Amino acid sequence: MVSPALLYVDLLSLASALGAFRLGVADLEPLAGLPTQPAGLLSPYRRGIALAARLDDAIVEGLLPAHNPHPGQPTADYAHLYADANRRLDEMAGYLVRFLQGRGFQAEAIPASQTLAGQAGALSHKAIARQAGLGWIGRHLLLIVPGAGPRVRLATVLTDCLLPAGEPMAGDCGRCRACLAACPVGALHFVAYRDYPERAAALDVERCAAYLEGFRRSPAVGQAVCGLCLAVCPGGREK
């Protein structure tokens with residue numbers, strides 16, 4: 001059997017060829033208490049592979065009030081970009097699953113955008129990606145990735161292959177409150193935090209979800225997206 005270290009190199013090459021912006025591997029042991037649907041989703045696995053797709057800067061910048069004829073509302077271009085990034089990530093994850101299964105390992109893909117109950121998916125892609133060392137969690141509860149900021153979409157592949165794992169990355173937003181000021185419905189709240197903000201304190205989930213639901217029902221958008229907190233984040237302009 002090929003060593004996990006060599007498989008990791010092959011996975012990096014495969015992900016790059018498929019168009020991934022970043023790939024990282026998380027040790028799942030520190031995430032044993034992570035809520036999942038169904039419960040125990042992580043139990044057969046030892047590693048989580050985090051995949052990131054980069055969002056187009058020009059389209060993200062189009063969400064800003066200076067460029068958007070309807071400030072506070074997602075553009076049709078952004079809704080398409082969001083859906084296309086999710087589709088590409090799901091395809092990439094599928095390739096990685098087949099790659100690992102073909103070498104005798106268990107592997108399972110978790111879709112990039114999946115809601116199973118309320119606003120929760122099968123697991124937190126951000127938690128996996130943070131543990132893998134792809135980035136750190138900002139005040140807006142988004143993953144901030146060096147070279148992209150929060151302008152990424154994420155997917156996860158779970159596996160029992162003991163691939164070399166990364167380490168969580170340190171970072172914080174300092175005094176920046178740009179996302180709080182930009183939120184059209186005031187759903188983001190300032191909280192002091194270390195490592196990452198407590199979700200219940202930092203985000204009014206119901207207010208945010210209600211706002212996004214309106215766009216999901218809109219024929220012009222068709223996705224539960226906003227993106228303004230992502231667009232205003234200075235992390236997205238640091239290359």
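The values are calculated or read from the model by the stated rules, or taken from the named source; none is laboratory data. The structure displayed is predicted, hence computed values, not measured ones. So basically every Cβ, Gly included, is an ideal-geometry build from the backbone, and we count neighbours across all protein chains shown. Note: accessible area is taken over every heavy atom of the protein model, side chains too, but ligands, DNA and RNA are not part of it. Shrake-Rupley method; radii C 1.70, N 1.55, O 1.52, S 1.80 Å.
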Pairs under 9 Å by beta carbon, first residue closer than 16 Å to ALA52 by Cβ in the stretch 79-103, partner open to solvent by less than 20 Å² (accessible area, probe 1.4 Å) and part of a helix (DSSP H, G or I), six or more apart or different chains?
-> LEU81/VAL60; MET92/ALA15; TYR95/ALA15; LEU96/LEU11; LEU96/ALA15
From the residues in the stretch 49-83 that are under 14 Å from the mean Cα position of the chain (by Cα) and not aliphatic (A, V, I, L, M), which one is nearest to ALA209 (Cα to Cα)?
-> TYR82
Of those in the stretch 11-30 that are touching a residue at least 60 places away in the same chain (Cβ under 8 Å) and loosely packed, with under 15 Cβ neighbours inside 10 Å, the residue farthest from ALA52 (Cα to Cα) is PRO30
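The rows are residues; the columns are (1) in contact with a Gly (Cβ under 8 Å, 6 or more places away or on another chain); (2) more than 17 Å from VAL60 (Cα to Cα); (3) modelled with pLDDT of 90 or more.
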position	(1), (2), (3)
VAL157	yes, yes, yes
ALA178	no, no, yes
ALA209	yes, yes, yes
GLN223	no, no, no
LEU230	yes, no, yes
GLY235	yes, no, yes
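Determine which member of the set ALA148, ALA112, ALA132, ALA165 is within 13 Å of ALA50 (Cα to Cα), crowded, with 22+ Cβ neighbours inside 10 Å and at pLDDT 95 or above. It would help to see each step written out before you state the result.
Details: ALA148 fails: within 13 Å of ALA50 (Cα to Cα); ALA112 fails: at pLDDT 95 or above; ALA165 fails: crowded, with 22+ Cβ neighbours inside 10 Å.
After applying the criteria, what remains is ALA132.
Report, by residue number, each residue of the stretch 185-236 that is in a loop (DSSP other than H, G, I, E, B) and among the small types (Gly, Ala, Ser). Working first, answer last.
Here is the first cut: in the stretch 185-236, the ones in a loop (DSSP other than H, G, I, E, B) are 185-187, 189-198, 204, 218-227, 233.
Correct list: GLY186, ALA187, ALA192, SER218, ALA220, GLY222, ALA224, GLY227.
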Count - residues of the stretch 83-109 that are within 17 Å of ILE59 (Cβ to Cβ) and surrounded by fewer than 21 Cβ atoms within 10 Å (Cβ to Cβ) | 5
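Do the conditions hold for LEU63, that is, is it open to solvent by less than 30 Å² (accessible area, probe 1.4 Å), touching a residue at least 60 places away in the same chain (Cβ under 8 Å) and either under 30 Å from CYS179 (Cβ atoms) or out of contact with any Leu (no Cβ under 9 Å at 6 or more places or on another chain) (or both)?
Criteria met by LEU63.
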Looking only at the stretch 186-213, count how many residues are open to solvent by less than 40 Å² (accessible area, probe 1.4 Å), within 24 Å of ALA79 (Cβ to Cβ) and more than 20 Å from the chain's Cα centre (by Cα).
-> 1
Across the stretch 168-184, what is the number of residues that are part of a loop (DSSP other than H, G, I, E, B), open to solvent by 50 Å² or more (accessible area, probe 1.4 Å) and among the small types (Gly, Ala, Ser)?
-> 1
